[in-house]
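Step one of this worksheet: look at the structure below.
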Amino acid sequence: MSDKALRRLHAAYRDDIDDLVTRRPLPGPQLEQLDPFLFLNHHGPQVYPPGNRGLPFGPHPHRGFETVTFIVQGELTHKDSGGHESVIHGGGVQWMTAGRGLVHAEISSPDFRVRGGALEILQLWVNLPARLKMTAPRYSGVQRDRIPALATPDGKGTVHLISGGWNGAAGPIESLTGIFMSTVELRAGGRVTFPGVGARTVFLYVVRGRVEVGGGAAPEHTLVELGREGDAVAIRAVEDAFVVFGHGEPIGEPVVAHGPFVMNTRAEIAEAIADYQAGKFGPLP
Ligand code: MN
């Protein structure tokens, strides 16, 4: 077993949305995508005051990919035109397959707007291959208590397993494309190894702290790009750290993205816009 080597670090850049602190390491100036991973927004951490306006993501459409949303602190209310509705709290995850098309709202509850509170949310966009872009929409909202929290072998960390298998356990989400997804907490000096990632693209973002991986050190708010060689990833915390760690099979198809739509061709984007404008994605409940 050999470890994948660090190829490049991609620092997140600041791109606030109204009063919502937002950092984005992907896409970046030196990285269009990390096939099949397309986009990451890191919102917060911040404290909303009482009487706030909440999250600014009112009804909008998606087609052709999946959104994976990690609620680190606070809460997120989701409603979509597939009839799904939930409020997911800190430590929980929302996994939405937009497929052939959904309209959804990602907003704050009336209670959060009145009382305020801490908020930290990450949203990752995962691409779908051509054969699944028009699949039926799906949504799973999973609270913290349904996500296995597995101690690392050295006892200095926890793997929160969202999808895929690790050390005999399975995450609650079944990804259509076999995506492995987790968040990992490591105390300073803690170390964890993920084997069996040879042909896969690794997604590793440092939410907090500082880690060593692949022969280099990655600070907070950095996306780590690893090389293709090697079949394992070893992560060591230099200081207390919290990271998103996943991996997936590269799709290797053309990506044509336009706002909330990610397809393979310009004609398919035009079709998505026309279908949305014709009301084919349905109304919100
Ligand atoms: Mn959205």
Amide proton proximity set for residue 117, modelled H, under 5 Å, gap of 5+: 48
Local electrostatic count, residue 56, Cβ distance below 10 Å [Lys/Arg +1, Asp/Glu -1]: -2
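Whole number please: convex hull volume per residue, Cα atoms of the range 123-256, in Å³.
Looking at the range 123-256, the number lands at 122 Å³ per residue.
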Euclidean distance between Cα centres, the range 66-83 to the range 185-245, Å: 25 Å
Among 202, 93, 114: highest mean-square fluctuation, GNM of the chain, C-alpha pairs under 10 Å: 114
Cut-off under 5 Å, modelled amide H: who pairs with residue 258 long-range: 263
Pair residue 2, residue 174: separation of 7 Å Cα→Cβ label points (nm): 3.7 nm
Globularity index of the range 21-127, i.e. its alpha-carbon radius of gyration over 2.2 N^0.38 Å: 1.08
20 °C / 1.002 mPa s Stokes-Einstein diffusion coefficient of the chain, Kirkwood radius on C-alpha pairs, µm²/s: 111 µm²/s
Proximal charge balance of residue 138 [Cβ under 13 Å; K/R count +1, D/E count -1]: -2
Most mobile of 164, 155, 91 in a GNM of the chain (Cα contacts under 10 Å): 155
Inter-label distance, nm, simple model (7 Å from Cα along the C-beta direction), residue 266/residue 17: 2.8 nm
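Within the range 41-142, which GluC sites (Glu not before Pro) sit in a loop by DSSP and count at most 11 neighbouring Cβ atoms inside 10 Å? Write down the numbers at each step before the final one.
Values: sites: 66, 75, 85, 106, 120; in loops: none.
Hits after loop and neighbour filter: nothing returned.
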Amide H partners (placed H, <5 Å) of residue 8, local residues excluded: 225
Estimated [θ] at 222 nm from DSSP helical runs (n ≥ 4, -39500 (n - 2.57)) normalised by residues in the chain, nearest 500: -2000 deg cm²/dmol
Set of lysines with alpha-carbon distance to residue 280 below 21 Å, sequence-local pairs under 8 removed: 79, 133
³J(HN,Hα) computed for each position of the range 172-184 - Karplus, 6.51 cos²θ - 1.76 cosθ + 1.60, integer Hz, glycine/proline x: x, 9, 9, 6, 5, 10, x, 5, 8, 9, 8, 10, 10
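Restricting the count to DSSP beta bridges whose residues both fall in the chain, what percent are antiparallel, rounded to a multiple of 5?
Bridges in the chain that DSSP calls antiparallel: roughly 95 percent.
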Net charge of neighbours whose Cβ lies under 10 Å from the Cβ of residue 109, counting Lys and Arg as +1 and Asp and Glu as -1: 0
J(HN,Hα) series, the range 34-51, from Karplus relation 6.51 cos²θ - 1.76 cosθ + 1.60, nearest Hz, glycine and proline x: 10, 2, x, 8, 10, 6, 9, 10, 10, 9, x, x, 7, 10, 7, x, x, x
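Here, each number is a calculation from the coordinates, and none is a lab measurement. Note that this is a predicted model, so its numbers are computed, not measured. We place every Cβ from the backbone using ideal geometry, glycine too, and count neighbours over all the protein chains shown.
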